[in-house]
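Chemist: Sending over a structure as structure tokens; questions will come in a sec.
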Amino acid sequence: MAGTRILALDPGTKRIGVALSDELGWIAQPLETYERRSLEADIAHIQQLVRQHDVGRVVMGLPLQLDGRVGVQAEAVQRLIETLQRSLTVPVIAWDERLTTKSAEQMLIEADVSRKKRKGAVDRVAAALLLKSYLESCSSSEEAPVEGDPGGQAPADAAGHQTSKGV
């Protein structure tokens, strides 16, 4: 049985920022920064998080280019999403994550977090910002976008609105 929480992942080449919603889907909280090891280890860790936290869906940050095009990084994330979709029993939703890491970095600087501590926190804070964006979209539309829904699957225009179906 699928859970009620939403797990957000902000993948990078070295780390994956992880955030988790509350059971009602109102609050996004940073959970952890996972140091990537191998694809198999990464998938196993994400599977464990889904089970451990009663997750009903996973939102994966899709690093589109500023003009909305899918670049090399986004293609790599799309491959990870495809692998996760085969490995998890819950839907995996791609979500535009442009500028979340930059916003997270700025928030931590404004909070006077040291450079050393920022390095460890920026990925999970970026994941929380990604999840916050997703939750706000769900609450404004009264329905959560799901796998295959253009609300989270497609490249976005300059305003951040999704423009077409499919990843």
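Read-outs throughout are calculated quantities, based only on the coordinates presented, and are distinct from any laboratory measurement. Values in this document were obtained by computation on a predicted structure and should not be read as measured data. Neighbour counts run over all protein chains shown; Cβ positions are idealised from the backbone, glycine included.
Chemist: Label GLN29 and VAL70 with points 7 Å out from Cα along Cα→Cβ: what is the distance between them in nm?
Modeler: 3.5 nm
Chemist: Work out the length of the dipole vector of region 6-89 about its Cα centre, built from +1 on the beta-carbon of each Lys and Arg and -1 on the beta-carbon of each Asp and Glu, and round it to the nearest 20 debye. Working shown, then result.
Modeler: Details: 9 positive and 11 negative charges, 49 e Å.
Rounded to the nearest 20 debye, it is 240 debye.
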